[in-house]
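Here the structure comes first, spelled out in structure tokens, and everything after it is commentary.
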Amino acid sequence: MIEVAAKMLHPRRIPQIISLLFNRKFLVLDKRYFHLVISASLVFLSLTLVPSYSRAQPHLNMNDFQLPPEAKGDFYYSQGKFKDALEVYKSVLQDKIDVSSLFRKMVKAWDAMGALDEAQNFLNDYLQSHEKSSGVSYGLGFTHYLKNEDQLAEELFRHATKLDPANGLAWNNWAAVLSNQKYFQDAVEKVRNAIRSDPKELMFFFNLKKIYDEMGEGSRFEEEFKENLNNREESWGYGKVLARFIRQESFREYAKGNITNAITGFEKILNIYQQTEDVKGQVPALFSLGLLHEESGNSQKSQEFFRQVLAINPDHKQARDKIKPLN
């Protein structure tokens, strides 16, 4: 049994020790094991941050945090307090009467409580006084979509996009309905409308790739990424999603002990981030390549990647700790 000394660590030591949990193999773990790393991190923090004395500590609650109202609702939702989240979202609705993302959060809270009929009644009543609201039409459509009532959902998504052609969530969910019905080409057109309305919403790009995969034409997504390299906004989304799928495959290769294939995957990821000028994405890709080359015994190559990390982010402590003095 491992025993932990009953004393607090200096706060400056905490990031250094946490980083060890994600060092080497942990950094490129298969997603199947990721929750174990997170759990270990939380257990570690609970053991090291608790002071040795037993004096009662003040209990923190949401009133101790100055969060914007909607963020407060998001926090409640993340904690499984769906009713509390819903009440907060309703209060926010007074100021955001036509925001589709807020209606989506409300419907998801109702769904988590098994109360979609309640959601339908509320939104129908709300629609009576907000007939021109694209957001509430979307929310009601999303409710029917979750109830597997695709025909009603499609009518409401169509109406929502007519009221507001820039309602990306409505276009996206309309695409999902069409995809369920195997109208894949129509679904592609709708989700592309969603992307054009908000190219920073990665969910739309994920859904486009999913549709292509269901069509048996998964390569089309990568082809469109290359075609859109001159469109910086859209190429960013294509690149992010493409890199995530390649990373998952690299995790699987690593888990099977195929370090060479894992390296090839992360080289592709780095190339994607360089093509889209995503500097933030390049840092973890470079660091992962450094770790993989280090594990494969190529110390010189690993040092090159760690130095590239520091060239972008001189404060990257993990990379700095990996650097060996030049002879």
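Tabulated data for the structure shown
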{"read-out": "Residues located in the range 291-327, provided they are surrounded by fewer than 18 Cβ atoms within 10 Å (Cβ to Cβ) and of a type in the set (K, R)", "value": "K301, R307, K317, R320, K324"}
{"read-out": "Residue selected from the range 267-280 under the condition within 20 Å of the chain's Cα centre (by Cα) and closer than 14 Å to V309 by Cα, by the criterion surrounded by the fewest Cβ atoms within 10 Å (Cβ to Cβ)", "value": "K280"}
{"read-out": "Test for N173: is it closer than 14 Å to S100 by Cα, among the polar types (S, T, N, Q) and either free of Cβ contacts under 8 Å to residues at least 24 places away in the same chain or not assigned by TED's automatic domain parsing to the domain that holds A119 (or both)", "value": "yes"}
{"read-out": "Meets criteria (over 20 Å from F206 (Cα atoms) and surrounded by 18 or more Cβ atoms within 10 Å (Cβ to Cβ)) for Y254", "value": "yes"}
{"read-out": "Whichever residue in the range 227-251 is among the aliphatic types (A, V, I, L, M) and modelled with pLDDT of 95 or more and, among such residues, is surrounded by the most Cβ atoms within 10 Å (Cβ to Cβ)", "value": "A243"}
{"read-out": "Residue list for the range 78-103, filter: in a helix (DSSP H, G or I), buried (at least 17 other Cβ atoms within 10 Å of the Cβ) and touching a residue at least 12 places away in the same chain (Cβ under 8 Å)", "value": "F82, A85, L86, V88, Y89, V92, L93, S100, L102, F103"}
{"read-out": "Residue that is nearest to G73 (Cα to Cα), among those in the range 83-129 that are small (G, A, S) and within 25 Å of the chain's Cα centre (by Cα)", "value": "A85"}
{"read-out": "Breaking point among (1) in contact (Cβ under 8 Å) with a residue 40 or more places away in the chain; (2) within 25 Å of L202 (Cα to Cα); (3) exposed (fewer than 14 other Cβ atoms within 10 Å of the Cβ), for S288", "value": "(3)"}
{"read-out": "Any hit, the range 110-122, residues being free of Cβ contacts under 8 Å to residues at least 24 places away in the same chain and surrounded by 15 or more Cβ atoms within 10 Å (Cβ to Cβ)", "value": "yes"}
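The values are calculated or read from the model by the stated rules, or taken from the named source; none is laboratory data. All figures in this text were calculated on a predicted structure; none of them were measured in a lab. Methodologically, a virtual Cβ is constructed for each residue, glycine included, from the backbone with ideal geometry; neighbour enumeration extends over all protein chains shown.
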